[in-house]
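This report concerns only the one structure given below.
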Amino acid sequence: MRIKILITALIMTAISANAQLRDITLPEPTPGNGASLYEALRDRHSARDFKDTKPLDDQQLSNLLWSAAGINRKSEMKRTNPTALNTQEIDLYVFTKDGVYLYDFESNRLLPKAEGDHRSLVAGTKEFSQDYVLDAPISIVMVAELSRFGEQATGNERFKLMAAADAGYVSENINLFCSANGLVTVPRATMDSAGIARLLGLPSTAMPLLNNPVGRK
Ligand SMILES: Cc1cc2nc3c(=O)[nH]c(=O)nc-3n(C[C@H](O)[C@H](O)[C@H](O)COP(=O)(O)O)c2cc1C
């Protein structure tokens with residue numbers, strides 16, 4: 001009986017945790033007036049100073065997420081980021097001051113997954129943390145869902161390597177978008193992966209691999 005009450009209380013807490021956050025429908029991505037690819041590559045650098053914690057506007061966010069991993073060939077549902085065997089196993093979670101959202105690339109929406117400011121999980125662990133992450137209005141966390149490779153991936157390290165490469169492409173798309181559009185970022189492996197997995201209720205087949213805090217210079 002006690003266990004039943006405890007489980008009900010936990011479920012209610014989880015439901016109310018997301019009750020305050022709503023789906024965010026992003027505007028259609030636009031070409032914008034970013035720099036050329038040459039200029040973006042010339043200027044790309046890791047930055048850890050985020051001068052302005054003001055949230056990105058929805059258009060910037062839409063353009064950023066589309067560049068990172070949006071659909072660029074609708075008829076085939078293919079993406080701006082390549083993935084091994086077109087597995088599309090990299091999910092993007094957006095950590096903001098208000099909550100954590102999953103980027104739904106098909107509907108161009110942000111789906112609430114956890115309420116509250118959890119950016120400290122992206123900053124790091126109790127043992128090692130990089131607090132500059134807390135100055136960035138958002139962090140994008142790339143999570144590989146290894147089960148999308150199918151049975152063949154179980155216990156096969158090579159698939160983890162492919163997922164890591166795939167996360168790297170998303171991260172570099174973010175790096176170049178920021179460089180071309182007056183934003184700053186740094187690709188990072190540091191984070192509290194176990195804490196993030198717990199917060200988001202990820203299955204054991206999901207691996208948080210990389211993150212990019214994004215802000216203004
Ligand atoms: C896979 C990967 C993981 C990284 N992890 C971190 C990190 O946890 N924290 C950090 O401050 N920088 C991290 N960096 C950024 C590197 O330190 C940075 O890219 C490197 O110093 C070269 O500087 P540049 O990006 O300005 O060329 C990481 C970069 C890569 C590619």
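Select, from Val133, Val170, the only residue that is within 16 Å of the ligand (Cβ to nearest atom), touching a helix residue (DSSP H, G or I) at 6+ places or on another chain (Cβ under 6 Å), part of a helix (DSSP H, G or I) and within 13 Å of Asp91 (Cα to Cα).
Val170
Do the conditions hold for Ser179, that is, is it within 19 Å of Val100 (Cβ to Cβ) and either in a helix (DSSP H, G or I) or within 14 Å of the ligand (Cβ to nearest atom) (or both)? Before you say what the answer is, go through the steps one by one.
Numbers: within 19 Å of Val100 (Cβ to Cβ): no; either in a helix (DSSP H, G or I) or within 14 Å of the ligand (Cβ to nearest atom) (or both): yes.
Considered against the rule, which asks whether it is within 19 Å of Val100 (Cβ to Cβ) and either in a helix (DSSP H, G or I) or within 14 Å of the ligand (Cβ to nearest atom) (or both), Ser179 comes out as no.
Step by step: first the residues of region 4-44, then only those that are of a type in the set (Lys, Arg) and either in contact with a strand residue (DSSP E or B) (Cβ under 6 Å, 6 or more places away or on another chain) or at pLDDT 80 or above (or both), then the one that is nearest to the ligand (Cβ to nearest atom). Which residue is that?
So the first thing to find is which residues in region 4-44 are of a type in the set (Lys, Arg), and the list is 4, 22, 42, 44.
Subsequent filtering for residues that are either in contact with a strand residue (DSSP E or B) (Cβ under 6 Å, 6 or more places away or on another chain) or at pLDDT 80 or above (or both) retains 22, 42, 44.
Details: Arg22: 32, Arg42: 12, Arg44: 7 Å.
Filtering first and then ranking leaves Arg44.
Checking Glu127 against (1) assigned to a helix (DSSP H, G or I); (2) out of contact with any helix residue (DSSP H, G or I) (no Cβ under 8 Å at 6 or more places or on another chain); (3) away from the ligand (no atom under 11 Å from the Cβ): exactly one of these is not met. Which one?
Against the list (1) assigned to a helix (DSSP H, G or I); (2) out of contact with any helix residue (DSSP H, G or I) (no Cβ under 8 Å at 6 or more places or on another chain); (3) away from the ligand (no atom under 11 Å from the Cβ), Glu127 comes up short only on (1).
From the list Ser139, Ser147, which residue is in contact with a helix residue (DSSP H, G or I) (Cβ under 9 Å, 6 or more places away or on another chain), part of a strand (DSSP E or B) and of a type in the set (Ser, Thr, Tyr)? Don't jump to the end; show me each part of the working.
On the way: Ser147 fails: part of a strand (DSSP E or B).
The unique qualifying residue is Ser139.
How many residues, within region 182-195, are crowded, with 17+ Cβ neighbours inside 10 Å and either of a type outside the set (Asp, Glu) or touching a Pro at 6+ places or on another chain (Cβ under 8 Å) (or both)?
9
Going by the conditions given, is Phe159 hydrophobic (A, V, I, L, M, F, W, C), in a helix (DSSP H, G or I) and away from the ligand (no atom under 15 Å from the Cβ)? Don't jump to the end; show me each part of the working.
Values: hydrophobic (A, V, I, L, M, F, W, C): yes; in a helix (DSSP H, G or I): yes; away from the ligand (no atom under 15 Å from the Cβ): yes.
Criteria met by Phe159.
If you go through region 126-139, how many residues are of a type in the set (Ser, Thr, Tyr) and more than 18 Å from the chain's Cα centre (by Cα)?
1
Return the only residue of Asp104, Asp58, Asp52 being in contact (Cβ under 8 Å) with a residue 60 or more places away in the chain and acidic (Asp, Glu).
Criteria check complete, one pass: Asp52.
Only one residue in Met142, Met191 is within 13 Å of the ligand (Cβ to nearest atom), over 24 Å from Asp43 (Cβ atoms) and within 14 Å of the chain's Cα centre (by Cα). Which one?
Answer to the selection: Met191.
Filter region 32-82 down to the residues that are β-branched (Val, Ile, Thr) and under 16 Å from the mean Cα position of the chain (by Cα), then identify the one that is nearest to Lys160 (Cα to Cα). Step through it out loud before you land on a result.
The first filter runs over region 32-82 and keeps only residues β-branched (Val, Ile, Thr), leaving 53, 71, 80.
Now drop any that are not under 16 Å from the mean Cα position of the chain (by Cα), which leaves 71, 80.
On the way: Ile71: 24, Thr80: 21 Å.
So, considering only residues that are β-branched (Val, Ile, Thr) and under 16 Å from the mean Cα position of the chain (by Cα), the one nearest to Lys160 (Cα to Cα) is Thr80.
The values are calculated or read from the model by the stated rules, or taken from the named source; none is laboratory data. Note that this is a predicted model, so its numbers are computed, not measured. Ideal geometry is used to build each Cβ from the backbone, glycine not excepted, and the neighbour counts take in all protein chains shown.
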